Structures are given as structure tokens and as C-alpha cells.
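All remarks here apply to the structure that follows.
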Amino acid sequence: MFSNLLKSVLKCTNLLEPVTLHRITVTRGRKQWLRPYLRSLYKRRIDQGPEPDRPRSAWINWNYDAEVFAFGERLGEKFQDETLRVAFTNRSYVEVEKERRAKLGLKDDLAELQLSNNEELQRKGGLLAIKYAESFLQHCYPKLPEEGVHAVTSYLMSEENLSHLALNLGFKDLILTQEFPPSMETLSRTFKAVIGALDHDQGLERSELFVQDFVLTQLVGKSVQDVWNIKNPMGMLAEILEKQQKGPPEPRLLWGSGSETILSTYMVGIYSDKDLIGQSFGETVTIAEEMAAKDALYRIFEIMNSSAPLPFGPRGRLLRLDVKNKELVDFPENTRAQV
């Protein structure tokens, strides 16, 4: 009993000891200086203008040797490093290096500049790509005249198309040239040089398949009708029918609708020896006649939108391209194209 009393007395003694007070400082969560500071940074960024377009080599972690090797691996091709370097070296870059060495007082007899430009590879790759593209189109469209084959090939080998391919394949940071960013001409020339480099290292077959996989596949989603714009379809049709010893083309209005409205529609058919060889719509009779003549030509050349797709992939590897199409002046006789 006495022990319990002693414990209660000790507890009361502890209650009488002074209590330590802790000061709590309340601060605002938003700092008043932050908004003006950020606004000042933004204004200075605007005053400086946009960030200049700098090459990837401007950063310290750039490794050109590794990037050149990785380029070939991305494409699945085995290039020799030296050949690929030459393919990426533009003539303007060599000239700038020579001028820089001259300013530094370096003579060629003391330290020769080991740089070659890609002009020879450009010429070789461009000729190879054009020849293979024409052979491929002649095989896939055996009745398409040479004029149509040349038109499609010119579209595929245009600067715009090749520069688009080069830009999306990562050529921009690998090209050694005086200008940056490289122009469309430089990109397209370098793309041809890479084709020439592949032919130099891996042979003709690999380079032709490269053209098939990257250049010719740009026709996916397009047709020859979209690329080849026939200037005078009625005159071309009359010339072909005459060489085939058939009657001249006769346009006839099949039917029309809404001639007094802004939504007028006319249907014109093209006849030869009383056979309907083409027909099409148009906002006016003249437009419908021109479109009908084009439809007749498309049927003769067998380049309709319903034609089979081009053979790419495994089927494209099995092609034997040894066909040469006729020009319009030597166009062979065909059977009538029935609608």
C-alpha cells in the first residue's frame, strides 16, 4: 500500500516539471519572387531568338565512327567503313578542309589530305538506280510505253523523293558538307552515293534490292495514273488506234445530270469501231471527254487502279528483269479493251 502511494506522489512531481515549448513557423507555399524570375527567364529566351540548328557533332558525346557503323547495321547492309565515309563526304567539305589547311600553313607534301569526295559514287549509284527502276517497271507493266516508264522513273529519282528518303534514314547528321542543314540536292546526291557504295562493297544484286526496298516502294499507295500526267490523251489514243489499224476514237455523251446547276455531271464514252473502250465522269463535257480518253489509255496500258499490287518482299526477290517495253511509235497491236 505504501509503495502505491509513493508511485502516485512521484507522478505528481513529474507533472510539476516545466514543459519545453516548440516554436512552429508557418510559411506560404508560393514564393513571391518565383513568378517574376520565371517571367524574366522567358523574356530573355524570346529576346535571344530560336535555338540555332546545330549538327549532332557539336555535342561532346558525338562518335562519328560509331554512327557510320550503326548506319549500315540499321539498313541491314555490310559496308566497308572507308567506302561509306567516301559516300558521305561532299565535295564542298573537301574544299573547306583544303582551305583550312592552307590557312594553317600545312603543305600537301608534309601531310597529305586523305579525303575523297563522293562524285564518282553518285554517278555510279544514280545510273544503277535508274536502270533497275526502269527494268522493274517494264517487268510489272509490260504494256506501259517507254514514255510512261520514264515519267515514273523520273518521279522516283527526283530530288524531292530521294531527299525525303535520305532524311528519314538518318543521312542528315552523317553527311560531311559545308552547309548545314544539308540541302535537298545534297541529300539526294548522297543517297545515290550510298547506292554506289553498296554496289562497290556488296555487288550489283544487293544494290538493286536496296533500290527495290527503299526507292520503288515509294509507289505503294500510288498508281501510274497519279505520277504520269498525259498531256494530250485524245491525240495519243488516236495515234495508238491508228497503229493498231482500228477506227478513230469517237466521244459520245452517254448521259448527263444537273446541267443547269453547279453540281452538273456528265458521262462520256469513247468508241472505236462501235466498241466502248473507255468512259468517265466530268463536271463539263470537255473534262469528261478528256477523262474518258485517259480511261481508254489506262485500259490499253493495263494500269487501272484495280491492277495487282507491285511485287515487293519475297516476290520481288524472284524477279528476272530482262524485258524492254516499246515506245509509242512502236506500240504493238493489242486486243480491244472491253469495259
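So Pro311 passes all but one of these: (1) in a loop (DSSP other than H, G, I, E, B); (2) surrounded by 18 or more Cβ atoms within 10 Å (Cβ to Cβ). Which condition number does it fail?
(2)
Just the residues that are part of a loop (DSSP other than H, G, I, E, B) and open to solvent by less than 60 Å² (accessible area, probe 1.4 Å), please, taken from the range 230-269.
Once the filter is applied, which keeps residues that are part of a loop (DSSP other than H, G, I, E, B) and open to solvent by less than 60 Å² (accessible area, probe 1.4 Å), the range 230-269 yields Ile230, Gln244, Lys246, Gly247, Pro249, Gly258, Ser264.
Rundown of residues vs (1) in contact with a Lys or Arg (Cβ under 9 Å, 6 or more places away or on another chain); (2) open to solvent by 20 Å² or more (accessible area, probe 1.4 Å); (3) modelled with pLDDT of 90 or more; (4) of a type in the set (Val, Ile, Thr), yes/no style:
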| position | (1), (2), (3), (4) |
| --- | --- |
| Leu137 | no, no, no, no |
| Pro145 | yes, no, no, no |
| Ile175 | no, no, no, yes |
| Ser183 | no, yes, no, no |
| Thr186 | no, no, no, yes |
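Name the single residue, out of those in the range 198-225 being assigned to a loop (DSSP other than H, G, I, E, B) and over 19 Å from Ala308 (Cβ atoms), that is least open to solvent (accessible area, probe 1.4 Å).
Taking the candidates together, the pick is Val215.
Just name the residue that is most open to solvent (accessible area, probe 1.4 Å) out of those in the range 298-308 that are hydrophobic (A, V, I, L, M, F, W, C) and within 12 Å of Val224 (Cα to Cα).
Met304
For residues that are part of a helix (DSSP H, G or I), open to solvent by 90 Å² or more (accessible area, probe 1.4 Å) and not basic (Lys, Arg), scanning just the range 88-135, find the one that is modelled with the lowest pLDDT.
In this case the residue turns out to be Leu104.
Filter the range 158-209 down to residues that are of a type in the set (Ser, Thr, Tyr) and within 18 Å of Arg85 (Cα to Cα) and give me whichever is farthest from the chain's Cα centre (by Cα).
If we take residues in the range 158-209 being of a type in the set (Ser, Thr, Tyr) and within 18 Å of Arg85 (Cα to Cα), then Thr177 is farthest from the chain's Cα centre (by Cα).
For the range 43-87, what are the residues that are assigned to a helix (DSSP H, G or I), among the aromatic types (Phe, Trp, Tyr) and open to solvent by 90 Å² or more (accessible area, probe 1.4 Å)?
Hit for the range 43-87 is Phe69, nothing else.
What's the total number of residues in the range 136-155 that are assigned to a helix (DSSP H, G or I) and either among the acidic types (Asp, Glu) or closer than 17 Å to Gln225 by Cβ (or both)?
Final tally of qualifying residues: 12.
The values are calculated or read from the model by the stated rules, or taken from the named source; none is laboratory data. Because the structure is predicted, anything quoted here is derived from the model rather than measured. Every residue, glycine among them, receives a Cβ derived from its backbone with ideal geometry; neighbour counts consider all protein chains shown. Protein only, heavy atoms only, side chains kept; ligands, DNA and RNA dropped before computing areas. Shrake-Rupley method; radii C 1.70, N 1.55, O 1.52, S 1.80 Å.
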